[in-house]
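> Have a look at the structure that comes next, please.
The values are calculated or read from the model by the stated rules, or taken from the named source; none is laboratory data. All of these numbers come straight from a predicted model, not from anything done at the bench. Backbone-built Cβ (ideal geometry, glycine too); neighbour counts: all protein chains shown.
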Amino acid sequence: MSRFHNLRQQLLKLQAYLLHEEDMGSTRIAGRVRGLLPADAIKPVWWAGCFVRRVKSSGRAMAITQSGFSLLEVLAALLIMGTIVAFALPGALSAVKNYKLHADATAIASYLNVVRMKAVSQYAPYRLNIDTTTGSYNIEQLCGGTPSSADSACTSPYAARTTPQIDASGTQFINAGNRLSSCHPAGVSVFPLTTITADPSGCPTLVQFYFNTRGAPVDSSGNVLSNGGNVIYLTNPSNLCDAVTISLGGRVSVWNYSPSAGAWVTR
């Protein structure tokens, strides 16, 4: 028991000494260890995260081994990782850009459905204002039944009030790098809805989607759409194209253009 206690004390001394010598970068550990442990101890001892084997040899230094990686192994691992990243990074960045484009299209479609519900529930005409220059959009309540005596700007139900009644959700913005357009992008020759046969004249930068009190899409005068529906296009830096459409019946759909098929596919 006394011998075991002495051995334990010597191991603690060895631990402190090795840690000190390792920090100092000393190369004299093997020579100094000889006097710290008895030479006839032969069993391996688990200490400080590695096996310390006491070698039974008269006057011979104790061997201490620690596992690790050589510089060559580390460099080889870094080379393999760098190669994998180089191949995977472009695809990952493209996937992120596509995800942001689809997210913007879905958000605009969701807002259009909100505008429809507000027009019906509040029995007042609403519109969604989309500014393609700034990439922003917001919901606005129109005059509806407000007479011109109460607001001079209210000359018709679909006129905007003197002080624009912007919804509490405020103005939203699409992701940086994505673009909005009222006309179909370059390289796209077909329309998402077969009922739409032409782009709006002059490709206006301010696109406004009107809804009457029944939730149906109309023009700024409250008449049925004459162009077969409404559409807004979105394009990302990779020239991937999405579109959000409103049919004459008021259905909101999100589309993605497939260059290989030369056609729009609903999402």
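> Would you mention how many residues in the stretch 254-267 are in contact (Cβ under 8 Å) with a residue 12 or more places away in the chain and hydroxyl-bearing (S, T, Y)?
2
> Find the residue count for the stretch 111-145, including only residues that are assigned to a helix (DSSP H, G or I) and over 17 Å from Y233 (Cβ atoms).
9
> Same structure again: Let me spell it out: the conditions are (1) farther than 30 Å from A261 by Cβ; (2) within 23 Å of the chain's Cα centre (by Cα), and S110 meets all of them except one. Which number is the exception?
Evaluating S110 over (1) farther than 30 Å from A261 by Cβ; (2) within 23 Å of the chain's Cα centre (by Cα) leaves (1) as the failure.
> Of the residues in the stretch 140-174, how many are surrounded by 16 or more Cβ atoms within 10 Å (Cβ to Cβ) and within 25 Å of the chain's Cα centre (by Cα)?
Matching residues across the stretch 140-174 total 1.
> So V85 ticks every box in (1) out of contact with any Pro (no Cβ under 7 Å at 6 or more places or on another chain); (2) in the same structural domain as P164 (by TED's automatic domain parsing); (3) farther than 16 Å from V231 by Cβ but one. Which box is left unticked?
(2)
> Can you spot a residue in the stretch 154-168 that is touching a residue at least 40 places away in the same chain (Cβ under 8 Å), aliphatic (A, V, I, L, M) and out of contact with any Asp or Glu (no Cβ under 6 Å at 6 or more places or on another chain)?
Within the stretch 154-168, none of the residues are touching a residue at least 40 places away in the same chain (Cβ under 8 Å), aliphatic (A, V, I, L, M) and out of contact with any Asp or Glu (no Cβ under 6 Å at 6 or more places or on another chain).
> Can you pull out every residue in the stretch 220-253 that is closer than 26 Å to A124 by Cα, touching a residue at least 60 places away in the same chain (Cβ under 8 Å) and not small (G, A, S)?
I232, V244, I246, V252
> Which is at pLDDT below 95, over 24 Å from A159 (Cβ atoms) and part of a helix (DSSP H, G or I), of A107, A61, A77?
Going through A107, A61, A77 in turn, the sole match is A77.
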